[in-house]
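**Q** Pasting a structure here, questions to come.
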Amino acid sequence: MYIGIPNPNAVIPLEKMTIQPEGKLAFQVLYNPESYSQSRSVRYAQSSGISSNTPVSQFAGGGLEILQFRLFFDSMSAGSEIGGSVTDRLKFTGNSLLPSLAKLVDVRTYTQKVYSLMEINPDKHVPPLLRLKWSSLQFSGHLISCQQSFVRFGERGIPLRAWLDCVFQEFIPPQKATLPRPLESPDTTKYRTIHQGDSLWALSAREYGQPEQWRAIADANGLANPRALRSGERLVLPAVKIR
């Protein structure tokens, strides 16, 4: 019998990532992703200058944020290790005690909850809008790509373990995307409210036309960690000289 310091996760369970499809019940992933990546891009159009060998570059618009991560699914695990309902945990606990030949929990029962998020809603004619919640990560958008890889099977051919590579795209309501805003000069101080998915890099590109000016925003607001932005927070955008 093991005697020692107990597993802290048994006393204070890990917060599990929750996925909330619009109009449906939310569900937890079985295991939190080991990591996730967020990316955003902006577009610049090029046009040939008159009597010039160098094209003219002009900002053409920003892109939506992309969130990517990998999810692990294993129907052979003990119930205390996974997310989900009490019924799910009891089912997994019982299944983990059975011999290999008797394990009958098909992992596709749980991977399908994620994979089906790309199916079209018959009422709205589009896949459901999703909200992902995991501690400080709050993301609204759609699942635009999901690859299932089944890597372990029972003696009867039932999939028992899988990986899902997921790609989500940010959704911005049309009224927010087209909201008019008066143009301001980058050499005057401004204030902006942080919205979900904002980053200092993207804010700097949008306001100054120069992504590298994010350091000036971080310094002006005393941000030691430029990634630790909270929705609703108001930032000062200092005046900068654009070269």
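**Q** With each label point set 7 Å from Cα along the Cα-Cβ vector, what nm distance links S37 and Q58?
**A** 3.3 nm
**Q** Work out how much length R215 to F171 would gain on full extension: take 0.36 nm times their residue separation and subtract the Cα-Cα distance, in nm to one decimal.
**A** 13.1 nm
**Q** Taking K and R as +1 and D and E as -1, what net charge do the other residues with C-beta under 12 Å from the C-beta of L229 add up to?
**A** Details: positive: R192, R227, R230, R234; negative: D198, E233.
Net of charged neighbours comes to +2.
**Q** Mind jotting down a quarter of the surface of the convex hull over the alpha carbons of segment 77-164, in square nanometres, one decimal?
**A** 7.3 nm²
**Q** How much net charge surrounds I144 when only the other residues with a Cβ under 15 Å from the Cβ of I144 are counted, with Lys and Arg +1 and Asp and Glu -1?
**A** So the environment of I144 carries a net charge of -3.
**Q** Could you check the spin-label model distance between S135 and T193? Points 7 Å from the Cα along Cα→Cβ, value in nm.
**A** 2.8 nm
**Q** So, by mean Cβ neighbours within 10 angstrom, what's the order for 122-129, 66-73, 22-29 with the highest one leading?
**A** Taking the mean over residues of other Cβ atoms within 10 Å, the ranking is 66-73, 22-29, 122-129.
Values quoted throughout were computed directly from the atomic coordinates according to the rules given, and no laboratory measurement underlies them. Because the structure is predicted, anything quoted here is derived from the model rather than measured. Here Cβ is always computed from backbone atoms with ideal geometry, including for glycine, and neighbour counts include all displayed protein chains.
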